[in-house]
Amino acid sequence: MSGTAPIIVAAELGVADFAWLDRLRREHFPSERNLLPAHLTLFHHLPPSLLPELDARLRAGMRATARPAVTIGEPMLFGRGVALRVRSMALETLREEWAEAFAGSLIPQDAAAWRPHVTIQNKAEPDTARRLHDALKRDFPRPRPLAVTSVAIHYYRDGPWELIRRYRFAG
C-alpha cells in the first residue's frame, strides 16, 4: 500500500558525484545497515496525504528553477558516524519555501533548522567514526562543487525507498 507510507524528499546528485559519495558510503557504512545509496535528504517524513499538493508544487516550481550552486566538504562527526556538510543558498531557499507550505504537517526533525549533509558512515564504533572524520578532514581542505540535478520523492519502506517521481531542475 504505497499510499500509506511516509514520503521522503531528496535532492539527487549528478552521476560522478553520486558514484564518488556512494563509494565512500559503501566503504565506511556498516554493510548490514547500508540499505540506501548516498543521498541528500530535504524532508525525512511527509504524510502521504500531501502527495497531490507536493507533486503539483514540484512540477510547477522545478520547471522554472535553475540547477542550484552547491558545495560539499567539511566533515561532520556525530558520535557514531560521519557526514559531509552540503551548502547551497538556493537549495536552502527552496526547502524553506516548501517547509512553510507544509508547516502544519512536518515532524519535529523536518520542522527544525535544516543541516544538509550526505551521510558517509552511521552506527559505527565511536573510535572508527573519529578516525574517518579525521581522515576526511585531511581530504577536504576546502569545499568542492557538488552537482545536484533534480529532486525526487519516495515512499519510505522501513529502509528501502520506492521512487514516486523525479523532478529535474530547468536547464
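Just so it is clear, none of the values below were taken in a lab; they were calculated from the coordinates. These figures come from a predicted structure and were not determined experimentally. Neighbour counts are summed over all protein chains in view; Cβ atoms, including those assigned to glycine, are modelled from backbone coordinates with ideal geometry.
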About the Cα centre, charge dipole magnitude for the range 42-171 (Lys/Arg +1, Asp/Glu -1 at Cβ), debye: 500
DSSP-defined beta bridges in the chain - what % are antiparallel, rounded to 5: 95
Table column - 3J(HN,Hα) (Hz), the range 20-33, Karplus curve with 6.51, -1.76, 1.60, x for Gly and Pro: 5, 5, 5, 4, 4, 5, 5, 6, 10, 8, x, 4, 5, 10
Förster radius 22 Å - calculated FRET efficiency between residue 26 and residue 162 (Cβ-Cβ, nearest 0.05): 0.55
Fully extended contour minus Cα-Cα distance, from residue 59 to residue 93, at 0.36 nm per residue: 10.5 nm
HN-Hα J in Hz across the range 72-79 - Karplus 6.51, -1.76, 1.60, θ = phi - 60°, x for Gly and Pro: 9, x, 6, x, 10, 9, 10, x
Kirkwood hydrodynamic radius of the range 2-168, Cα pairs, Å: 16.6
Cα centroid separation - the range 150-171 against the range 29-64, whole Å: 5
Fully extended contour minus Cα-Cα distance, from residue 125 to residue 19, at 0.36 nm per residue: 35.6 nm
Cut-off 15 Å between beta-carbons: net charge of the residues surrounding residue 119, Lys and Arg +1, Asp and Glu -1: +4
In the range 1-105, the chymotrypsin sites (Phe, Trp or Tyr not before Pro) that fall in loop regions by DSSP, at most 16 other Cβ within 10 Å: 78
Gyration tensor (alpha-carbon) shape descriptor, the range 1-64, a/c threshold 1.5: oblate
Computed E for residue 69/residue 45 - FRET, C-beta separation, R0 25 angstrom, nearest 0.05: 0.35
The chain: most fluctuating residue of 119, 149, 65 per GNM, C-alpha cutoff 10 Å: 65
Segment residue 35-residue 149, length gained on full extension (0.36 nm per residue, minus Cα span): 38.8 nm
Sorted by Cβ density within 10 Å, fewest first, the residues 53, 100: 100, 53
Relative contact order computed over the chain (Cα-Cα under 8 Å; 6+ residues apart), in percent: 36
Crossing angle, helix 89-101 versus the chain [Cα axis fit, 0-90 degrees, rounded to tens]: 50
